[in-house]
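**Student:** Here's a structure for you.
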Amino acid sequence: MSWFRRIERGLKGSIKREMPDGLWRKCDGCGEIVYERVIQRNYWTCNKCGHHFMISARDYITMLVDEDTFEESDANLTSVDPLEFKDSKRYPDRLKAAIKKTALREAILTGKGEIGGHPSVLGALDFRFLGGSMASVVGEKVARATRRALEENRFLVLISSSGGARMQEGILSLMQMAKTSAWLARFSEAGGLYISILTHPTTGGVTASFAMLGDIVIAEPGALIGFAGPRVIEQTINQELPPGFQRSEFLLDHGMLDMVVSRPQIKKTLVGIFDFFSEKRRPAEEARKPAVLKTPPHIEVKADKDKLPPKA
Amino acid sequence: MESWLDFEKPLLELEKKIKDLKALADAGHPDILHEVEKLERFAEKKRRETYEKLTRWERVQLARHPLRPYTNDYIKMIASWFCELHGDRLFAEDKAIVGGLATIGDYRVVVIGQQKGRDTKENLARNFGMPHPEGYRKALRLFRLAAKFDKPVVTLVDTPGAFPGIGAEERGQAEAIARNLFEMARLPVPILVIVIGEGGSGGALGIGVGDVVLMMEYAIYSVISPEGCAAILWGDRSKAQQAAEALKLTAPDLLQLGVIDGIVPEPTGGAHRDPKTAAENLKRSIIENLGHLTRTPIETLLERRLEKYSRMGVYKE
């Protein structure tokens, strides 16, 4: 292909853009080199294309809660190996590796905190820990978080990023869908408010349980959200998937979400909703600002890279 | 014979031989009756040996047996009256889930189950028992009908899974399943769930939350199909046998893990060898359980239902 046509089509050259760590970062969305300080100030979203880098559970919670108000719960809950599951690796070895990699004990972080002065319970899945998969511990921690929100009359916020139910705990993982949903039903019956935030990617048993059960469901832009993964669907129906399929904007168009909100606006959105449902006076403007995140984002999930949604 | 499984074939051949010899004896060769008896004893021993030692993968094959009774077969055999109801009132009628009003023994219940097809044409209509969101929303409509008129719900679970397709995703497959889990957890009537064949993941659970959950003896219930698990964890679908072993998906496994409350016995060789006996066992079990459930105050049932699911899972603290 001639040089001129390449330019005409807007194709990028094949020169590798590798940069030293620190100052600059290549955006996983648009491929542009972006100044790290700038995207950090944007809560790890690209200032050129709006791409949302994956961040850790702790960072997500840090961003949402008012400074120094977060108090972790059930941190000592750890997984065992009820099925003595072994594929190419033993499950306990996979767990050990995940713990070492993430410095987390399980795929979810839960606790209490204040959001714009509103007493809340938060839980955030961490995709780095075995793909944010749900097994006994995740289910139990979500159930306990919901129960705590119920008993202490707090708002509930769960942030999802997950490949679904964890195969290594078999049917027990599946049952966590029923467990978390049952507690959310109990919470809802008592008049509790639950806001679900979906981030890239949220699929499988997590989507088919607590993630889709929010009184209000919010998604970050461009997140892959679905029941079945795109590859499974493609293989089943032997058909190419439409552009933007299973992305946040697609779900919004199909009536599955209340709104798509970019990360820097999420705290403000939550506080606005909490203010609406709360009897208390509105908090000071300062309390509505999300905290600045210092740690770098995750590596992008590769499988979905080729199916980015059309840019808005 | 093409519908039969490998481990069934020697037994069937033996049974055919016995039948032939018996016919011969009846036709004027009483001297071979002794031989027939010996052969029958041998066949019985062989049968017991085969079914006592079934591997998990063989049980998966039994649960998916093309001759196994499906939801409609059971409804025909256990209900003295059945009126099928259709449609979710939102988008479509999904034939992968059947539901309606039924009289079983002295109980008037709402019965709902996934339905597989018996031949290609029916499988196309039933989508191989893989529901779309409409199926789950039809089920939800019927749950609410049951609650309104204070009728117990009986669900029969038999699906490879919820359908992974474009339309299913567009119309919120995940939401439809999640909504059912949420609503079933607090539905103010007794719910009895029986996995009669294949309990395929979220697609099974979508009608599978209840006060009592039972499995037929050779049914399976799993977070993912052995083939799907093998593809992801072994990188090779043909490792499904190993995945089936690792997943611990048989009725005895689930009873041991505390996920189900009991097992409904099947005739030797599985429900398809003697559907009538299988249906009688199922009916007896339904009537017995509905007896307990309908005598319990609904507040107690709801409290116990939440406790039941709260207990599920194993972890260290």
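Readers should treat all values here as calculations from the given coordinates under stated rules, not as data from a laboratory. All values derive from a computational prediction rather than experimental measurement. Glycine gets a Cβ as well: all are built from the backbone with ideal geometry, and neighbour counts include every protein chain shown.
**Student:** How far is helix A:170-189 tilted off the main Cα axis of chain A, in degrees rounded to 10, range 0 to 90?
**Tutor:** Approximately 60 degrees, to the nearest 10.
**Student:** Enumerate the amide H contacts of A:Met134 below 5 Å, restricted to partners 5 or more residues apart or on another chain; note that Pro and chain-start residues carry no placed amide H.
**Tutor:** Under 5 Å from the amide H of A:Met134: A:Gly164, A:Ala165, A:Arg166.
**Student:** How big is the protein assembly as shown along each principal axis, measuring the range of its Cα positions in Å and listing the largest first?
**Tutor:** Here the Cα extents, ordered largest to smallest, are 99, 67, 46 Å.
**Student:** Quick one: dipole size for the range B:251-314, taken about the Cα centre, charges +1 on Lys/Arg Cβ and -1 on Asp/Glu Cβ, in debye to the nearest 20.
**Tutor:** Dipole about the Cα centre, nearest 20: 100 debye.
**Student:** Something else: The range A:32-140: percent of C-alpha pairs farther apart than 24 Å?
**Tutor:** Summing the P(r) tail past 24 Å for the range A:32-140 gives 38 percent.
**Student:** Distance between the C-alpha centers of the range A:43-84 and the range A:239-272? Whole Å please.
**Tutor:** Rounded to whole Å, the Cα centres lie 19 Å apart.
**Student:** Take B:His132, B:His86 and order them by how many other Cβ atoms sit within 10 Å, fewest up front.
**Tutor:** Final ranking by Cβ density, sparse to dense: B:His86, B:His132.
**Student:** Right, something else. Expressed as an acute angle from 0 to 90° and rounded to the nearest 10, what is the orientation of the C-alpha long axis of helix A:263-277 relative to the principal long axis of chain A?
**Tutor:** The angle comes out at about 30 degrees.
**Student:** At 7 Å along the Cα-to-beta-carbon direction for both B:Asp274 and A:Glu67, put a label point, then send me their distance in nm to one decimal.
**Tutor:** It is 7.6 nm.
**Student:** Taking 7 Å along the Cα-to-C-beta vector as the label spot, tell me the B:Lys19-B:Arg284 distance in nanometres, rounded to one decimal.
**Tutor:** It is 2.6 nm.
**Student:** Using θ = phi - 60° and the Karplus curve 6.51 cos²θ - 1.76 cosθ + 1.60, what whole-Hz ³J(HN,Hα) does each residue of the range B:107-115 get, with Gly and Pro shown as x?
**Tutor:** Going residue by residue, I get 9, 9, 10, 9, 10, 9, x, 6, 10 Hz, with x marking Gly and Pro.
**Student:** Which FRET efficiency value, to the nearest 0.05, do you get for B:Lys121 and B:Thr50 by plugging their Cβ-Cβ distance into 1/(1 + (r/R0)^6) with R0 = 51 Å?
**Tutor:** For B:Lys121 and B:Thr50, the calculated efficiency is 0.95.
**Student:** Can you pull out the chymotrypsin sites (Phe, Trp or Tyr not before Pro) in the range B:214-317 whose DSSP state is coil and whose Cβ has at most 10 other Cβ atoms within 10 Å?
**Tutor:** Filter output for the range B:214-317: empty list.
**Student:** What FRET efficiency do you get for B:Leu90 and B:Thr300 if R0 is 35 Å and r is their Cβ-Cβ distance, rounded to the nearest 0.05?
**Tutor:** Calculated transfer efficiency: 0.55.
**Student:** Search the structure for amide H atoms under 5 Å from the amide H of A:Trp24, placed 1.01 Å from N in the peptide plane, and list their residues when 5 or more places away or on another chain.
**Tutor:** A:Glu36
**Student:** Give me the aspartates and glutamates in straight-line cross-link reach of B:Lys95: C-alpha distance below 12 Å, same-chain residues under 8 apart excluded.
**Tutor:** B:Glu84, B:Glu122, B:Glu134
**Student:** Could you work out the local net charge near A:Lys112, counting Lys and Arg as +1, Asp and Glu as -1, over the other residues with Cβ closer than 10 Å to its Cβ?
**Tutor:** Taking every other residue near A:Lys112 into account, the sum is -2.
**Student:** By what distance, in whole Å, do the Cα atoms of chain A stretch along each of the three principal axes, largest value first?
**Tutor:** Answer, in whole Å and largest first: 68, 52, 39 Å.
**Student:** Okay, moving on. Label-point separation (nm) for B:Lys9 and A:Glu279, each offset 7 Å from Cα along Cα-to-Cβ?
**Tutor:** With each label point 7 Å from Cα toward Cβ, the separation is 7.5 nm.
**Student:** For chain B, taking Cα atoms only, what is the radius of gyration to one decimal and the Dmax to the nearest whole Å?
**Tutor:** Using the Cα atoms of chain B, the pair Rg, Dmax is 21.1, 74 Å.
**Student:** Counting other beta carbons within 10 Å of each Cβ, put A:Phe276, A:Phe227, A:Phe155 in order, fewest first.
**Tutor:** A:Phe276, A:Phe155, A:Phe227
**Student:** Mind checking which lysines have their C-alpha under 25 Å from B:Lys19, skipping anything on the same chain fewer than 8 residues away?
**Tutor:** B:Lys9, B:Lys38, B:Lys45, B:Lys46, B:Lys276
**Student:** Are there trypsin sites (Lys or Arg not before Pro) in the range B:1-93 that DSSP puts in a loop and that have at most 11 other Cβ atoms within 10 Å, and which ones?
**Tutor:** Taking the range B:1-93 and a limit of 11 other Cβ atoms within 10 Å, the loop trypsin sites (Lys or Arg not before Pro) found are B:Lys53, B:Arg89.
**Student:** Still on this structure, I have one more. Let me have the 222 nm mean residue ellipticity of the protein assembly as shown computed from DSSP H runs of 4+ only, each contributing -39500 (n - 2.57), with the sum over all residues rounded to the nearest 500.
**Tutor:** Result for the protein assembly as shown: -12000 deg cm²/dmol, rounded to the nearest 500.
**Student:** Loop only per DSSP, at most 15 neighbouring Cβ atoms within 10 Å: give me the GluC sites (Glu not before Pro) in the range A:111-172, ordered by residue number.
**Tutor:** A:Glu152
**Student:** Rounded to the nearest 0.05, what FRET efficiency is calculated for A:Asn76 and B:Leu33 with R0 set to 41 Å and r the Cβ-Cβ distance?
**Tutor:** It comes to 0.05.
**Student:** Check B:Ala219: other-chain or 5+ apart residues with amide H under 5 Å from its amide H, H built from backbone geometry?
**Tutor:** Here B:Ala251 satisfy the definition.
**Student:** Taking N as the number of residues in the range B:1-126, what is its Cα Rg relative to 2.2 N^0.38 Å?
**Tutor:** For the range B:1-126, the normalised Cα radius of gyration is 1.53.
**Student:** Take the residue pairs B:Lys239/B:Lys316; B:Lys22/B:Lys53; B:Lys17/B:Lys121; A:Lys179/A:Lys294; B:Lys116/B:Lys138; B:Lys53/B:Lys76 and return only those whose Cα atoms are more than 26 Å apart.
**Tutor:** The pairs that break the limit, which is 26 Å between Cα atoms, are B:Lys239/B:Lys316; B:Lys22/B:Lys53; B:Lys17/B:Lys121; A:Lys179/A:Lys294; B:Lys53/B:Lys76.
**Student:** Right, something else. Go through the range B:300-306 residue by residue and turn each phi into a ³J(HN,Hα) via Karplus (6.51, -1.76, 1.60, θ = phi - 60°); whole Hz please, and just put x for glycine and proline.
**Tutor:** 5, 4, 5, 5, 5, 4, 5
**Student:** How far, in nm, would the chain grow between A:Arg231 and A:Arg37 when pulled straight, counting 0.36 nm per residue and subtracting the alpha carbon separation?
**Tutor:** The span from A:Arg231 to A:Arg37 would gain 66.3 nm if fully extended.
**Student:** Which of B:Cys83, A:Cys30, A:Cys46 comes first, and how do the rest follow, when ranked by fewest Cβ neighbours within 10 Å?
**Tutor:** B:Cys83, A:Cys30, A:Cys46
**Student:** May I ask for the angle, rounded to the nearest 10°, between helix B:173-186 and the longest principal axis of chain B, with both axes built from Cα atoms and the value confined to 0 to 90°?
**Tutor:** Its long axis makes an angle of about 80 degrees.
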